[in-house]
Amino acid sequence: MSNIKTFKVFRFDPEKDKKPRFETYKVEWKSGQTVLDGLNYIRDNIDGSLAYRSSCREGVCGSCAMHINGKYCLACEQQLKELSDTITIRPLANLEVIKDLFVDMAPFWKKYKAIKPYLIGKESSTGKERIQSQDERAHLDKVIDCVLCASCYAACGMNAIDPEYLGPAALSKVNRFFLDSRDSAKEERLAMVANDHGVFRCHTMFNCQIVCPKEVDPTANISNLKRNIIASQMSGKLSKKGV
Amino acid sequence: MKYHSVIVVGGGLAGLRAAIEINKKNMTVGLISKIHPIRSHSIAAQGGVNAALNNHHRGYYDSIEKHAFDTIKGSDYLADQKAALKMTSNAPERIYEMESWGCPFSRTPEGKIAQRPFGGAGFPRTCYSADKTGHMMLHTLYETAVRFETQNERNEMTIYDEWFVTRLIVDNDVCRGVIAINIAKGELEVFRSEAVIWATGGTGRVYGKTSNAYSNTGWGMAVPYYEGIGIKDLEFIQFHPTELITNNVLITEGARGEGGYLVNNKGERFLANYPDSSKALEVAPRDIVARNMKREILEGRGINDKYIGLDLRHLGAKRILERLPGIRMHSIHFAGVDPINDFIPVAPGQHYTMGGINVNETTGCEVKGFYAAGECSCISVHGANRLGGNSLLETITFGKIAGDEAANYVSAGGSSPVNASIYDKILSEEEAKINDLLNSKGKEAHPKIRSEMNNIMDEKAGIFREAKTLKEGLDEIMALKEKYPNIKLLSSNKKANFELLDAIQLKGSLDMAEIILKGALNREESRGSHFRTDFPKRNDEKYLKHTVAKWNGKTADLSYKEVDISIYEPKERKY
């Protein structure tokens with residue numbers, strides 16, 4: 001096994017460059033190192049202008065999602081030893097490039113903020129915590145692990161064609177609160193996403209499920225919302241208008 | 001030029017909690033963070049947050065006083081005692097508030113917030129959400145901040161994410177705002193304000209072997225330090241006992257709280273062989289466990305001479321999957337080991353900065369309108385050694401207090417207006433500094449200086465310290481500081497220049513490293529996390545006092561300050 005990996009990295013400054021290009025860098029590596037270690041090596045030693053986000057380097061902060069050898073993942077979790085000798089790295093799709101691998105996340109956050117991403121519920125009357133059974137709490141497992149890295153958003157074919165589509169991360173967040181026994185805005189949440197730019201834009205392509213580094217399974221979360229919206233419409237609680 | 005009544009710098013738990021408090025009081029707030037708030041290092045906290053809620057069947061007799069006592073004893077009596085009691089008294093209310101805002105805590109069979117045992121605690125009082133408590137709390141506070149930000153009837157909250165603060169504006173001991181770079185554009189801007197709350201986290205990255213995120217460079221502490229604000233007790237660096245030997249990713253103390261064993265190369269639970277951990281074993285406080293692990297390794301009983309085994313196998317797959325799923329994935333990703341089938345290879349590494357910006361229990365200091373909370377601050381509630389589960393607690397209790405105090409200061413009229421020309425003057429100074437860095441004719445590679453600093457700190461300011469190596473380390477850091485003005489950047493563009501941010505922050509890291517070494521060299525005793533092999537005993541007569549470092553324009557000058565011991569009399573620490 002060679003101790004050199006060839007990094008082919010997407011480079012683009014829309015203000016200066018006519019079109020994007022790939023730059024090639026040789027990186028000496030050892031077992032245990034990740035793609036992020038390789039990028040850091042490049043920035044420290046070869047080309048200081050390479051732009052990308054990173055922080056925790058342990059797969060929990062969600063900064064460094066990018067497209068690596070054909071798949072979206074967190075650069076800090078992707079071990080170099082699992083990759084071929086040539087590693088091709090591109091930025092997240094469906095978001096505009098500011099520079100290189102550093103994309104404009106504003107549309108992603110705008111959609112996150114649009115879905116009321118906070119608990120709406122009655123305060124406890126005792127001044128202490130609200131009671132939630134272990135079973136009720138278990139419904140939230142996995143979906144609360146989302147690190148908002150936007151891998152799913154970039155992988156989604158529907159986000160590519162509909163700029164208004166809320167996308168898998170924001171919709172999973174809707175389901176996170178819909179599933180919470182403490183939340184009292186369930187019908188409001190369903191109504192909010194029962195439209196063409198909400199859950200019904202999802203065509204169940206499973207891209208988000210495949211790429212999610214935290215096994216959140218956005219596809220299943222969106223499907224749960226769809227099922228509940230339809231049940232609500234059948235029982236007349238939710239209007240069918242706009243669907 | 002931008003204006004908010006209050007500026008908060010830092011978007012982790014302490015910063016978000018402070019910003020929410022200001023907004024609750026219908027005052028405008030701008031929160032500036034060099035990374036998006038959800039990326040803050042608070043997210044990496046695992047095991048939990050302490051509060052005497054009495055929810056655990058063995059926690060019936062717990063109380064805020066006992067929590068305070070454990071905190072003070074854990075601090076090796078260097079905590080300011082009234083401040084510690086203030087934190088533990090506020091704890092239950094803050095935790096219930098987090099629950100009311102939606103934090104998905106794990107639950108007891110009765111449906112209450114679940115609590116687990118943690119090091120140095122007399123009762124199981126660490127509230128948790130599996131082993132991802134920081135993640136859950138940070139998401140909850142960001143969600144709450146978004147609620148305030150998006151509700152029109154509220155006064156404005158603006159989050160400036162990916163803005164990097166280069167300068168705190170202080171004029172005649174009054175705080176007037178900050179200067180920050182919009183990272184994407186590379187342009188500097190003035191943020192005027194009546195008050196500033198500082199919440200920028202720790203300085204772990206001065207070390208190489210650290211659990212901390214790349215973001216924790218210490219620059220956040222350095223910025224107010226350069227304006228004359230003191231840095232307190234920075235020699236007290238917490239080394240967490242269980243970090244993965246491969247890349248120092250944290251393995252929560254909760255793994256031991258849940259019943260995990262630490263074993264040497266003979267398979268012994270060696271903590272039983274040391275008088276200071278013989279009773280509490282794996283749930284003795286972090287400083288003691290880390291030291292005894294290091295002793296085992298140094299004396300040849302480490303596994304492969306390098307590490308200790310953290311054995312969870314006897315807990316069984318079900319409990320590991322339910323209570324410790326995060327560290328299981330960390331072990332698989334970064335060490336190639338599944339704790340269900342094998343022990344986890346761990347060793348102690350840098351984890352937390354007990355010291356920090358010298359503020360009092362109101363989070364304020366001698367500079368009017370400046371407040372600090374969270375890891376960047378030193379109030380001091382952690383003294384010489386922080387108990388696990390108290391850092392998350394500190395962020396939300398003192399984050400709220402900082403918000404309260406700043407809002408009260410502003411409502412009471414703040415300070416008299418300042419001549420607006422100071423803003424232009426300071427902005428041009430900052431612009432000149434950045435241009436100098438980008439166009440430097442020097443030859444030194446800044447990443448090389450950083451890695452040398454990391455090695456020096458790992459080798460010479462670690463768990464076991466002595467005068468000779470501390471002195472060497474200090475000389476070497478001073479030599480690196482001499483080199484710093486001659487650094488050369490590889491890139492000279494302003495736009496989205498992350499190398500520039502690294503280079504700026506390196507200066508702060510070096511100055512924090514200097515303070516750590518100076519404080520450690522001067523403190524000729526062993527207390528909490530600071531262990532001097534040449535002075536192995538605690539010396540209350542000479543050193544029951546806080547170290548305070550002040551910037552003299554080039555280096556740090558040290559002085560000392562009284563500790564508040566008004567509640568509990570200092571005693572010898574045993575577990």
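Placing pseudo-labels 7 Å out from each Cα toward the beta carbon at B:ASN419 and B:GLU452 gives an inter-label distance of 4.2 nm. Applying Stokes-Einstein at 37 °C and 0.692 mPa s to the Kirkwood radius of segment B:243-347, computed over alpha-carbon pairs, gives a translational diffusion coefficient of 242 µm² s⁻¹. Within the assembled protein chains, the solvent-accessible surface assigned to B:ARG286 is about 20 Å², based on a 1.4 Å probe. Working ranking of peptides B:43-51, B:158-166, B:558-566, A:135-143 by packing, defined as the average number of other Cβ atoms within 10 Å per residue, highest first, is B:43-51, B:158-166, A:135-143, B:558-566.
Taking the DSSP beta bridges with both ends in chain B, the antiparallel portion is around 65 percent. For segment B:1-127, pairs of C-alpha atoms spaced more than 20 angstrom apart make up 55 percent of the total.
In terms of packing, defined here as the mean over residues of other Cβ atoms within 10 angstrom, the peptides B:28-34, A:64-70, B:269-275, A:98-104 line up highest first as B:28-34, A:98-104, A:64-70, B:269-275. Taking the centroid of alpha carbons for each part, segment B:159-208 and segment B:273-331 are 39 Å apart. Using only Cα atoms, locate the centre of segment A:182-221 and the centre of segment B:1-40, then give the distance between them in Å, rounded to an integer. Going from one Cα centre to the other spans 30 Å. Across peptide A:40-47, the mean count of Cβ atoms from other chains lying within 10 Å of each residue's own Cβ comes to 3. Cysteine residues of chain A whose C-beta has no other cysteine C-beta under 4.7 angstrom: A:CYS64, A:CYS73, A:CYS76, A:CYS146, A:CYS149, A:CYS156, A:CYS202, A:CYS212. Positive end of the dipole of the protein assembly as shown, charges at C-beta (+1 Lys, Arg; -1 Asp, Glu), about the Cα centre: which of A:CYS73, B:SER529, A:MET234 has its Cα farthest in that direction? Checking the options against the dipole of the protein assembly as shown, the answer is A:MET234. How about A:LYS186: which lysines have a C-alpha closer than 22 Å to its C-alpha, ignoring those fewer than 8 places off in the same chain? Excluding near neighbours in sequence, the set is A:LYS110, A:LYS111, A:LYS113, A:LYS116, A:LYS122, A:LYS142, A:LYS173, A:LYS226, A:LYS237, A:LYS240, A:LYS241.
Taking Cα centre as origin and charging only the Cβ of basic (Lys, Arg, +1) and acidic (Asp, Glu, -1) residues, the dipole magnitude of chain B rounds to 840 debye.
Between B:ASN522 and B:GLU466, residue separation times 0.36 nm minus the direct Cα-Cα distance comes to 19.1 nm. The largest-to-smallest principal axis extents of the Cα set in chain A are 61, 41, 30 Å. With Cα atoms defining each centre, segment A:9-64 and segment A:149-177 are spaced 25 Å apart in the structure. With θ taken as phi - 60° and the Karplus curve 6.51 cos²θ - 1.76 cosθ + 1.60 applied, the whole-hertz 3J(HN,Hα) list for segment B:322-335 is 7, 9, 10, x, x, 6, 5, 5, 4, 5, 5, 5, 10, 10 Hz, x standing for glycine and proline. In this structure the amide hydrogen of B:THR166, modeled in the peptide plane, comes within under 5 Å of the amide hydrogens of B:ILE179, B:ALA180, B:ILE181, none closer than 5 places in sequence on its chain. Comparing each chain alone with all protein chains together (probe 1.4 Å, DNA, RNA and ligands left out), the residues of segment B:23-45 losing at least 50 Å² of accessible area are B:ARG39.
Legend: mean number of C-beta atoms from other chains within 10 angstrom of residue C-beta atoms, peptide B:302-312, equals 0.
Note on A:THR204/B:LYS574: beta-carbon distance plugged into 1/(1 + (r/R0)^6) with R0 of 45 Å gives a FRET efficiency of 0.15. The Rg/Rh ratio for chain B is 0.95, where Rg is the radius of gyration of the alpha carbons and Rh is the Kirkwood radius.
Ranked by solvent-accessible area (1.4 Å probe, protein heavy atoms only, all chains present), the residues B:ASP436, B:ASP276 order from largest to smallest as B:ASP436, B:ASP276.
Both radii were evaluated on the Cα set of segment B:421-540; the Rg over Rh quotient, with Rh as the Kirkwood radius, amounts to 1.11. Working value for the protein assembly as shown: equivalent-ellipsoid semi-axes of 37, 32, 29 Å, each the square root of 5 times a Cα gyration tensor eigenvalue, largest first. Only helices enter the 222 nm calculation for chain B: every DSSP H run of n ≥ 4 contributes -39,500 (n - 2.57), and dividing by all residues gives -11500 deg cm²/dmol, rounded to 500. Ordered by solvent-accessible area of protein heavy atoms (1.4 Å probe), largest first, the residues A:LYS173, A:LYS116 come out as A:LYS116, A:LYS173. Of A:ILE131, B:ILE229, the order by accessible heavy-atom surface (1.4 Å probe, DNA, RNA and ligands excluded), from most exposed downward, is A:ILE131, B:ILE229. Note on B:GLU93/A:LYS26: beta-carbon distance plugged into 1/(1 + (r/R0)^6) with R0 of 56 Å gives a FRET efficiency of 0.50. The mean accessible area for residues of segment B:243-347, using a 1.4 Å probe and ignoring ligands and nucleic acids, is 38 Å² per residue. Applied to segment B:504-520, the Karplus parametrisation 6.51 cos²θ - 1.76 cosθ + 1.60 on θ = phi - 60° returns per-residue 3J(HN,Hα) values of 4, 5, 4, 4, x, 4, 5, 5, 5, 4, 4, 5, 4, 5, 5, x, 5 Hz, with x for Gly and Pro. Taking the average, over residues, of other Cβ atoms within 10 Å as the packing measure, peptides B:5-16, A:159-170, B:308-319 rank B:5-16, A:159-170, B:308-319 from highest down.
Quick check: at a probe of 1.4 Å, how many percent of the accessible area of segment B:243-347 sits on carbon and sulfur atoms?
That share works out to 49 percent.
Which FRET efficiency, nearest 0.05, do A:GLN134 and A:THR88 yield, Cβ-Cβ r, R0 45 Å? Approximately 0.50, to the nearest 0.05. Within the straight-line cut-off of under 17 Å between alpha carbons, the lysines reachable from B:LYS545 are B:LYS73, B:LYS82, B:LYS232, B:LYS518, B:LYS537, B:LYS561, B:LYS571, sequence neighbours fewer than 8 places apart in one chain being disregarded.
Computed from the C-alpha gyration tensor, the three semi-axes of the ellipsoid equivalent to segment A:4-103 are 20, 15, 12 Å, from longest to shortest. Residue-wise HN-Hα couplings along segment B:447-453, as the Karplus relation 6.51 cos²θ - 1.76 cosθ + 1.60 with θ = phi - 60° gives them from phi, are x, 5, 4, 4, 6, 5, 4 Hz; Gly and Pro carry x.
The values are calculated or read from the model by the stated rules, or taken from the named source; none is laboratory data. This one's a predicted model, so the numbers in the text were calculated from it and none came from an experiment. Every residue, glycine as well, gets a Cβ built from its backbone with ideal geometry; the counts of neighbours run over all protein chains shown. Keep in mind that these areas ignore ligands, DNA and RNA; they rest on the heavy atoms of the full protein, side chains included. Shrake-Rupley method; radii C 1.70, N 1.55, O 1.52, S 1.80 Å.
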